[in-house]
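The values are calculated or read from the model by the stated rules, or taken from the named source; none is laboratory data. Please read all numbers here as calculations on a predicted model, not as lab measurements. Cβ atoms come from the backbone with ideal geometry, glycine included; neighbour counts cover every protein chain shown. We work out accessible area using only protein heavy atoms, side chains counted, and drop any ligands, DNA or RNA first. Shrake-Rupley method; radii C 1.70, N 1.55, O 1.52, S 1.80 Å.
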Amino acid sequence: MADSACRGRIHSFQSLGAVDGPGLRFVIFLQGCPLRCMYCHNPDTWDPAGGTEYTVDEVVKRVLRYRTYFGEDGGVTVSGGEPLLQAEFVTELFRALKAEGIHTCLDTSGGAFAEARREVFEALLSVTDLVICDIKFTTEEDYLSHAKGSLSRILSFLSLTQALRVPLWVRHVVVPGYTDSEEEVSAMVALARRYDNLQKIELLPFRKLCVTKYEALGIPFPCADIPECGEAAIARLQTLL
Ligand code: SF4
């Protein structure tokens, strides 16, 4: 039985999203992220002390208002920020949602995975129906320089999803001049295909809709001078998948 009083810090809710997993989904954006991706769209989720605290019970009540829209394929996606930072809360939330017969999807960077807390993540994946994970860069150097993260940590998390047989979708943001070369996308595809639970790879174009968020926070946007990625570039790279 889920601990319905367990609390998590939440940035925001999106009642019905169509791009974060299959079907129509209630999306929960958690607060807090240890990475600093150069193109991050949600810098307002970084601070782990921000957002608002909710219990599992309060979140489930919100979700249930929308369940009739989920249909056969939809459900709930927990995104961020970085949901692995609040793995215990997400585990209790997913446990409660699964008890209601609702599909659960974890949209993560994998950046907060730690071998020392493996059992915590195993418990979370045991109640997760789908993992969506970004492979942002393909070398340790680029992960560190452009995301303040570690590729090996992300690959260890992906190995755990494979070991536990959780279906996996991989995403990659295409940033002109950084992650848009055929070599880079081919290297990302090769990394993703190491995992036999992989079901899908998605390329997402770099966009700059987040500029006003950076201005409001008084943080310089590292990608201010980089052009947005066009649909033609995505179509060209799509052939490599
Ligand atoms: S992992 Fe996501 S929320 Fe965190 S910095 Fe990167 S893009 Fe932003």
Quiz prompt | Looking only at segment 55-66, and only at residues there that are basic (Lys, Arg) and in a helix (DSSP H, G or I), the one that is most open to solvent (accessible area, probe 1.4 Å) | solution = LYS61
Quiz item: Going by the structure shown, is ASP44 within 16 Å of the ligand (Cβ to nearest atom) and not in a loop (DSSP other than H, G, I, E, B)?
Solution: yes
Exercise. Go through segment 198-238 and give me each residue that's in a loop (DSSP other than H, G, I, E, B) and more than 21 Å from LEU35 (Cβ to Cβ).
Key: ASP225, PRO227, GLU228, GLY230
Quiz item: From GLY23, GLY80, GLY50, which residue is away from the ligand (no atom under 14 Å from the Cβ) and either more than 15 Å from the chain's Cα centre (by Cα) or in contact (Cβ under 8 Å) with a residue 60 or more places away in the chain (or both)?
Solution: GLY23
Quiz item: Applying the selection to segment 175-189, what residues are open to solvent by less than 60 Å² (accessible area, probe 1.4 Å) and assigned to a helix (DSSP H, G or I)?
Solution: GLU184, VAL185, SER186, ALA187, MET188, VAL189
Exercise. Quick one: count up the residues across segment 1-53 that are surrounded by 20 or more Cβ atoms within 10 Å (Cβ to Cβ), hydrophobic (A, V, I, L, M, F, W, C), under 20 Å from VAL131 (Cα atoms) and out of contact with any His (no Cβ under 6 Å at 6 or more places or on another chain).
Key: 9
Exercise. Might you let me know whether segment 179-197 holds any residue that is among the charged types (D, E, K, R) and under 19 Å from SER79 (Cα atoms)?
Key: no
Quiz item: If you check ALA187, ALA192, ALA163, which single one turns out to be within 18 Å of SER126 (Cα to Cα) and not aromatic (Phe, Trp, Tyr)?
Solution: ALA163
Self-check item: Lone qualifier among THR68, THR55 - being among the hydroxyl-bearing types (Ser, Thr, Tyr), away from the ligand (no atom under 16 Å from the Cβ) and without any contact (Cβ under 8 Å) to a residue 24 or more places away in the chain
Solution: THR68
Practice problem: Identify the single condition in (1) out of contact with any strand residue (DSSP E or B) (no Cβ under 8 Å at 6 or more places or on another chain); (2) exposed (fewer than 14 other Cβ atoms within 10 Å of the Cβ) that TYR69 does not satisfy, given that it satisfies every other one. | Solution: (1)
Self-check item: segment 149-204, subset charged (D, E, K, R) and in contact with a strand residue (DSSP E or B) (Cβ under 6 Å, 6 or more places away or on another chain), residue farthest from CYS223 (Cα to Cα)
Solution: LYS200
